Amino acid sequence: MPEGPELHLASCFVNETCKGLVFGGCVEKSSVSRNPEVPFESSAYHISAVARGKELRLTLSPLPGAQPPQKPLSLVFRFGMSGSFQLAPADALPPHAHLRFYTAPPAPRLALCFVDIRRFGHWDPEGEWQPGRGPCVLLEYERFRDNVLRNLSDKAFDRPICEALLDQRFFNGIGNYLRAEILYRLKIPPFEKARTVLEALQQSRPSPELTLSQKIKAKLQNPDLLELCHLVPKEVVQLGGKGYGPERGEEDFAAFRAWLQCYGMPGMSSLRDRHGRTIWFQGDPGPLVPKGGRSRKKKSKETQPGAEVRKEDLPLSSKTISRTRRDRKHASKSKAQQSEGTSLQQNQETPTALKKGKRRGRLAATGRRRPPKSKTDTPSREARRTSAS
């Protein structure tokens, strides 16, 4: 799922690729998208972007003299599970391009596309940041830190630290892989109480005798949890890539995979939090593990078949997702048929004595009794032995 760094990289991509381009016409929405129409039309306008946590704001600014007269319009995007922006030729749109902004003629027509395979992404034509989201961990660090430490009495901090880190009211921009990497570096158990971890930061203040450079050096050498919430996303941004660039492909994610230390890595353990999200960690999970939660350890590359190609690292395509669901459905159907066949076989192998017993039960229920066999009707054992011989 795109997190703070991915949204920031997306805004950089839009600003770099759209610089100098003039867009024109209507904004086009795909027929399958359930998001709102974008009420904007202009003969000439520019596009710019800015990110804040897990949101990105796209601004459409008409040029002087553009027709019809139009005020600038802002759209706020949330990327869901698979959202991203791509610039493509207008006659070769990428699949799942659910919102398109076309360049104006006479230059070869291009389209800036919001691409979303799983269609969990959303855009809001009102152009306002979602209310309730806290300051951005990447671009508003001081405000972010102050917002957390001032609100430690909130019920959100009664929960495990791994769950609190996903609360966008306080950690706007932190997602699943970032929380794993941050907690791993500090050796903090993911299911330790959040308030227990964060209250200690209220007391830790740098000595006033230190110079500014000494304070910065101390922070870089021994960062606390809130500082890592700012520094770790910055590291990801500095890696670049992540699907944004002229050559998108599997190699575009290589630097990111090499950077990961904990998330999905061999030798790490995993548990599901109470929201069903998987947290990766090493060592003791902490005292607030959900009831019934079982820690699973990922096998090392040496013990995994075909470990040189890690399928769980590859981005899922829509075909792969549908094929996986179809295989699971087929497997469950086969199991049901197998169990049905077994039960039929067991019914066929039921001793005949039971059937006779059931029959006698039915006769008894009618109130009629079978007449007892007379001795003359029942051959003796000796007579039966004689006839059989």
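Rounded to the nearest Hz, the phi-derived 3J(HN,Hα) couplings of the range 227-237 under the Karplus curve 6.51 cos²θ - 1.76 cosθ + 1.60 (θ = phi - 60°) are 5, 5, 4, 9, 6, 5, x, 4, 4, 5, 4, where x marks glycine and proline. Ligands, DNA and RNA are left out, and with a 1.4 angstrom probe the accessible area of the range 71-171 is 45 Å² per residue.
With the Kirkwood sum run over all distinct C-alpha pairs, the range 88-128 has a hydrodynamic radius of 11.4 Å. The Cα atoms of the range 33-106 give a gyration tensor whose axes a ≥ b ≥ c have a/c of 1.5 or more with a/b no greater than b/c, which makes the shape oblate. Remark: for residue pairs LYS54/LYS155; LYS54/LYS193; LYS193/LYS291; LYS54/LYS298; LYS29/LYS71; LYS193/LYS298, the C-alpha separation exceeds 27 Å in LYS54/LYS298.
Rounded to whole numbers, the Karplus 3J(HN,Hα) couplings from phi for the range 275-287 are 9, x, 8, 7, 10, 9, 7, 9, x, 5, x, x, x Hz, using 6.51 cos²θ - 1.76 cosθ + 1.60 with θ = phi - 60°, and x at Gly and Pro.
Length available on full extension from ASP224 to SER153: 0.36 nm per residue minus the Cα-Cα distance, which gives 23.6 nm. Between the amide H of ARG52 and those of ARG57, distances stay under 5 Å, these residues lying 5 or more places away or on another chain, with hydrogens modeled in the peptide plane. Using the Cβ-Cβ distance between LEU63 and ARG169 with R0 set to 35 Å, the FRET efficiency from 1/(1 + (r/R0)^6) comes to roughly 0.35. Counting only protein heavy atoms and a probe of 1.4 Å, the accessible surface of the range 57-211 is 54% carbon and sulfur.
Shape verdict for the range 63-105, please, from the Cα gyration tensor: rounded (a/c under 1.5), prolate (a/b greater than b/c) or oblate. Because a/c hits 1.5 or more and a/b fails to exceed b/c, the range 63-105 counts as oblate. Shown in residue order for the range 178-187 are the 3J(HN,Hα) couplings computed by the Karplus curve 6.51 cos²θ - 1.76 cosθ + 1.60 at θ = phi - 60°: 5, 5, 5, 5, 5, 5, 5, 5, 9, 6 Hz (x for Gly and Pro). A crude spin-label estimate for the pair ARG296 and GLU37, with each label 7 Å from Cα along the Cβ direction, gives 4.6 nm. Take LYS299: with every protein chain present and a 1.4 Å probe, its accessible area is about 130 Å². Ligands, DNA and RNA aside, LEU288 has an accessible area near 70 Å² when probed at 1.4 Å. The accessible area of ILE161, taken with all protein chains in place and a 1.4 Å probe, comes to roughly 0 Å². Full extension of the chain between LYS19 and GLU142 yields a length gain of 41.2 nm, computed as 0.36 nm times the residue separation minus the alpha carbon distance.
The values are calculated or read from the model by the stated rules, or taken from the named source; none is laboratory data. Predicted model only: the values in this text are computed from it and were never measured. With ideal geometry, Cβ positions are generated from the backbone for all residues, glycine too; neighbour counts draw on all protein chains shown. Side chains are part of the model used for accessible areas, which takes the heavy atoms of the whole protein and leaves out ligands, DNA and RNA. Shrake-Rupley method; radii C 1.70, N 1.55, O 1.52, S 1.80 Å.
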